[in-house]
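Right, one structure below, let's go through it.
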Amino acid sequence: MTDTLKKLIPYAVVGVISGATTFGAINFFNVQNEDSQFSYFAPKNSDAKYASFNMTGVGDDFVKASKMTVPAVVSIKNYSNRTSQRSEQDLFDQFFGNPFGGQPKQQQVPKDMPSGMGSGVIISPDGYIISNNHVIAGATKLEVVLSNKKSYVANLVGTDPTTDIALLKIEEKGLPYLNFANSDNVEVGQWVLAVGNPMGLNSTVTAGIVSAKGRSIDLLSQQSRTPIESFIQTDAAINPGNSGGALVNPNGELIGINSAISSKTGYYEGYGFAVPSNLARKVVEDIKQFGLVQRGFLGVETLDLSDQRQVANYNQQRKTNLKAGEGVYIINVSEKGGAESAGLRSGDVITKVDNTAVSSYYDLSFAVGSRRPGDKVAVTYLRNGKSNTVNVTLRDQKGGTSFRSKADLTVTEKIGSDFEPLSERFKTDYGLNSGVIAKNVAEGSEMAKIGVVDNYIVIEVNGKPVNSQKDVEKILQGYSGNVQVKYVDEYGRITTRGFKMP
């Protein structure tokens, strides 16, 4: 098990649960404690007091908020073909581990049974629904069930693995919905409600407080190369199936989308994490308007100084003597990027973006990644021990400052993979006449859906041999039909799969 995976196991996405797992959980929690040494009696303590207080007013608020929220929270059923791709239960086991011991059973799910279940929130009366990317990942069909048991087949409008947000749409009018609140105004200690469908228990409401803000748990790096994590941490009980559900304030306003839990067993142990509503709203607005997320970048390669292990590895590899601490160290500056144009350079340490203090990589990714190309941000940095501030115009990953739609994407962006040529020596050794190596395969992309991952070899596209990324682009540029891809996996097996060109 890699160090990264070990680090991720305590944190888990909470949207994926199958019928088999539900049954196992019920039996697991019905096991009785037979420890004969446990005593129900304890010495009398005259100083002990009950830790209760008058909840009269708060209780009324909870009832009102619950009545407002429950009708707008839906159950989402993910139907996928488990024989051709990694199942949602496999994803569940990867992050949670198997709390019942042994190896997870590889069972074929009947076609009429969902392979995963989660939650969603209706955000408009005409049927737009926000959820998590990991709830809908790999789905061939998405079913939405309202709190009144009415069922719909949903269309997937778009997803953003970087923030773990997805936008769905059902064809209906006059639906109950929730308004986004300003998550910047959320205070640590305030009451919140979590509403979702944990363990298959529809329309479940739990209460707690905001435990912390701006939490990063290094979870989304498993599905994105540029993850943005700034979670609202809460102690409202959430479990598998809650993902994509609502975190609301006592006024019934949406302040977050429940996404993950901190757990060694895969079930609630005290802490949950939600994507703040301001970030979630920005993502769905971009998807609705442009078909994809407009995200700004500084144009820098960085080192997180708050991560002692990263700093130690960097020092060992580069023969440097950087000290761990707060801030983000600039390793390289991209050519023609916003940072270069503003005068930032290698060796600078970013400490602040606008009014957001930058203590770690995730502070920086949230402050910058929640903005759009063309936006200007004030970046405060240390150079030779002196603090400076400069205005930086953010750009997209291609160096542009204007908004882009799906029509503006390159072929490789549309299908979700880059390609590198194979050496002639490799082709000779493995008996190949053509081939390119898949690189940077995006989670949830068309290439990922057909089973291609990094370092798989694509040998043909639409029956034509490919030897460079330009070959792939030439074949698919302007193409709108079904795409056929022949590739070789890590075991040398040749597979042909297809998708419709997006």
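The values are calculated or read from the model by the stated rules, or taken from the named source; none is laboratory data. As the structure is a prediction and not an experimental result, all values here were calculated from the model. In this analysis, Cβ positions are derived from the backbone assuming ideal geometry, glycine residues included, and neighbour counts consider all displayed protein chains. Note: areas computed on protein heavy atoms with side chains; ligands, DNA, RNA excluded. Shrake-Rupley method; radii C 1.70, N 1.55, O 1.52, S 1.80 Å.
Within the range 335-365, can you find the residues that are in contact (Cβ under 8 Å) with a residue 60 or more places away in the chain, assigned to a loop (DSSP other than H, G, I, E, B) and farther than 13 Å from Leu303 by Cβ?
Hits for the range 335-365 are Lys336, Gly337.
From Asp164, Asp112, which residue is at pLDDT below 95 and on the phi > 0 side of the Ramachandran plot?
Exactly one residue qualifies, and that residue is Asp164.
Test each condition in (1) of a type in the set (D, E, K, R); (2) in a strand (DSSP E or B); (3) closer than 21 Å to Val73 by Cα for Glu301 and report the one that comes out false.
Here Glu301 clears every test but (3).
Taking Gln294 as the residue in question, decide whether it is open to solvent by less than 30 Å² (accessible area, probe 1.4 Å), polar (S, T, N, Q), modelled with pLDDT under 95 and closer than 25 Å to Ser370 by Cβ.
So Gln294 passes the test.
Identify, please: which residue in the range 418-434 is out of contact with any Pro (no Cβ under 8 Å at 6 or more places or on another chain) and of a type in the set (Gly, Ala, Ser) and is, among those, farthest from Glu473 (Cα to Cα)?
Gly431
For residues in the range 450-465 being assigned to a loop (DSSP other than H, G, I, E, B) and more than 31 Å from the chain's Cα centre (by Cα), which is farthest from Gly138 (Cα to Cα)?
Gly463
If you take the residues of the range 220-265 that are outside any strand (DSSP E or B) and closer than 16 Å to Glu187 by Cβ, which of them is least open to solvent (accessible area, probe 1.4 Å)?
Looking at the filtered set, the residue picked out is Ala236.
Pairs, please: C-beta under 8 Å, at least 6 apart or cross-chain, first residue under 14 Å from Thr495 (Cβ atoms) and in the range 448-469, second among the acidic types (Asp, Glu) and surrounded by fewer than 20 Cβ atoms within 10 Å (Cβ to Cβ)?
Pairs found: Gly451/Asp489; Tyr456/Asp489; Tyr456/Glu490; Val461/Asp471.
Return yes when Gly270 is open to solvent by less than 20 Å² (accessible area, probe 1.4 Å), under 16 Å from Val192 (Cβ atoms) and either touching a Cys at 6+ places or on another chain (Cβ under 9 Å) or among the small types (Gly, Ala, Ser) (or both) and no when it is not.
Yes; evaluated as a whole, the condition is true for this residue.
Do any residues in the range 308-321 that are over 16 Å from Tyr361 (Cα atoms) have Cβ atoms under 8 Å from those of residues that are of a type in the set (Val, Ile, Thr) and surrounded by fewer than 10 Cβ atoms within 10 Å (Cβ to Cβ), where the two are at least six apart or on different chains, and which pairs are they?
none
Return yes or no: is Glu301 out of contact with any Ser or Thr (no Cβ under 6 Å at 6 or more places or on another chain), within 24 Å of Ile217 (Cβ to Cβ), surrounded by fewer than 16 Cβ atoms within 10 Å (Cβ to Cβ) and touching a residue at least 12 places away in the same chain (Cβ under 8 Å)?
Against the criterion (out of contact with any Ser or Thr (no Cβ under 6 Å at 6 or more places or on another chain), within 24 Å of Ile217 (Cβ to Cβ), surrounded by fewer than 16 Cβ atoms within 10 Å (Cβ to Cβ) and touching a residue at least 12 places away in the same chain (Cβ under 8 Å)), Glu301 qualifies.
Test Glu340 against the criterion of being surrounded by fewer than 16 Cβ atoms within 10 Å (Cβ to Cβ), more than 27 Å from Asp164 (Cβ to Cβ) and either in contact with a Gly (Cβ under 9 Å, 6 or more places away or on another chain) or modelled with pLDDT of 95 or more (or both), and give yes or no.
Criteria not met by Glu340.
Can we say Ile217 is in contact (Cβ under 8 Å) with a residue 24 or more places away in the chain, under 27 Å from Val63 (Cβ atoms) and of a type in the set (A, V, I, L, M)?
In short, no.
If Val485 satisfies every condition in (1) modelled with pLDDT under 95; (2) assigned to a strand (DSSP E or B) but one, which is the exception?
In the conditions (1) modelled with pLDDT under 95; (2) assigned to a strand (DSSP E or B), Val485 misses (1) alone.
Might you let me know whether the range 270-286 holds any residue that is modelled with pLDDT under 90 and over 17 Å from the mean Cα position of the chain (by Cα)?
Within the range 270-286, one or more residues are modelled with pLDDT under 90 and over 17 Å from the mean Cα position of the chain (by Cα).
Counting residues that are open to solvent by less than 50 Å² (accessible area, probe 1.4 Å) and closer than 30 Å to Ile450 by Cβ, which strands (runs of 3 or more DSSP E) fully inside the range 120-219 reach at least 3?
The qualifying strands (runs of 3 or more DSSP E) are 128-132, 141-145, 151-160, 165-169.
Taking the stated definitions as given, is Ala194 touching a residue at least 60 places away in the same chain (Cβ under 8 Å) and under 13 Å from Gly245 (Cα atoms)?
Yes; evaluated as a whole, the condition is true for this residue.
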